[in-house]
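Note sheet for the following structure.
The values are calculated or read from the model by the stated rules, or taken from the named source; none is laboratory data. Worth saying up front: this structure is predicted, and the values here are computed from it rather than measured. Heads up, the Cβs are rebuilt from the backbone with ideal geometry, glycines too, and the neighbour counts pull from every protein chain shown.
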Amino acid sequence: MDKAIQNAASGAEGTKISVEDQTRKLARVYLLVGCVVLAVLGVIIGLIYRTIAVSRIINAAEGQNIAFAQRFANTSWTEFGALVDDAHDMSGDELRQHAEAAELRQAILAQVGDSPVVRVSLYAKEGTIIFSTTPEEIGQYVNHGVVREMVSGHWYWSGRSPAITELTHYETFKALDSELLDRDLVASLVPIPTVGPRLAALLQVTRDVTPQIQRIARAQLGGMGSVILVSTALLGSALFLMDRRKVVAPGGQSRKDG
């Protein structure tokens, strides 16, 4: 009889231990899944932050590029607008040697000053580059979709911002007086004049936004790293407390029995 009672008690105790072990295992699984979910959320939030922050940088750079084009239209276009009319039948060499080309370059460089503008190009409305701070571009005919859209008026009459802007990463880029490496640049095509229905030319202003993009990348990585680190620390702490409880509990029980 006593043996049967002992066996029953041992079975009950074994069942209790088995249930406790299963509970601990489930708790560990839940903790692990929870930490993984937190880490994934951290990555998603980091990507959302980057998207919003980069969009703001592009919008700000576009506004600055439009302001640059407006200043050019207000101060220099009346003086150099005739160059566009004379450029239709001229080759690249003839455009580079044109009497007004050097004066136009000096006027644009004076406007650039210490700003992060790295290239300025002037397009005739049919797509020929009639001036650029990178002389090798002069005389090239650009027939990509953006220029066609602006020249055809489909974009210009859509009521959107007076520019078409894109952010591009360049491994190498020839700037005003040097070659840049590993840079993020925002280029805006702005109609000249910047207001009104008549399109006479297009001014492309390219601006360096690498420092801003790098700050965003550092903030993004720091935020995601912090979330992952906190998740790992919480998981480790919870598992440590569970194991500690498992070790202390039998000891307390044995002292009570004694």
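Out of (1) surrounded by fewer than 17 Cβ atoms within 10 Å (Cβ to Cβ); (2) within 12 Å of L203 (Cα to Cα), the odd one out for I108 is which?
Going through (1) surrounded by fewer than 17 Cβ atoms within 10 Å (Cβ to Cβ); (2) within 12 Å of L203 (Cα to Cα) one by one, I108 breaks only (1).
Consider only pairs whose beta carbons are under 7 Å apart and that are at least six residues apart or on different chains; among these, list those whose first residue lies in segment 66-83 and is under 10 Å from I192 (Cβ atoms) and whose second residue is among the hydroxyl-bearing types (S, T, Y) and at pLDDT below 85.
A69/T194; Q70/T194; A73/T194
For segment 24-76, give me the residue count where each residue is in contact with a helix residue (DSSP H, G or I) (Cβ under 6 Å, 6 or more places away or on another chain) and of a type in the set (V, I, T).
Total meeting the criteria: 2.
Each row is one residue, and each column tells you yes or no for (1) of a type in the set (A, V, I, L, M, F, W, C); (2) outside any helix (DSSP H, G or I); (3) closer than 30 Å to Q214 by Cα; (4) at pLDDT below 60.
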position	(1), (2), (3), (4)
A8	yes, no, no, yes
I48	yes, no, yes, no
R56	no, no, yes, no
A60	yes, no, yes, no
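Condition first: within 16 Å of A110 (Cβ to Cβ) and of a type outside the set (S, T, N, Q). Now tell me which residues in segment 62-91 satisfy that.
Within segment 62-91, A67, F68, A69, R71, F72, A73, W77, E79, F80 meet the criteria.
Only one of (1) in a helix (DSSP H, G or I); (2) under 32 Å from the mean Cα position of the chain (by Cα); (3) in contact (Cβ under 8 Å) with a residue 40 or more places away in the chain fails for L122. Which number is that?
L122 satisfies all of (1) in a helix (DSSP H, G or I); (2) under 32 Å from the mean Cα position of the chain (by Cα); (3) in contact (Cβ under 8 Å) with a residue 40 or more places away in the chain except (1).
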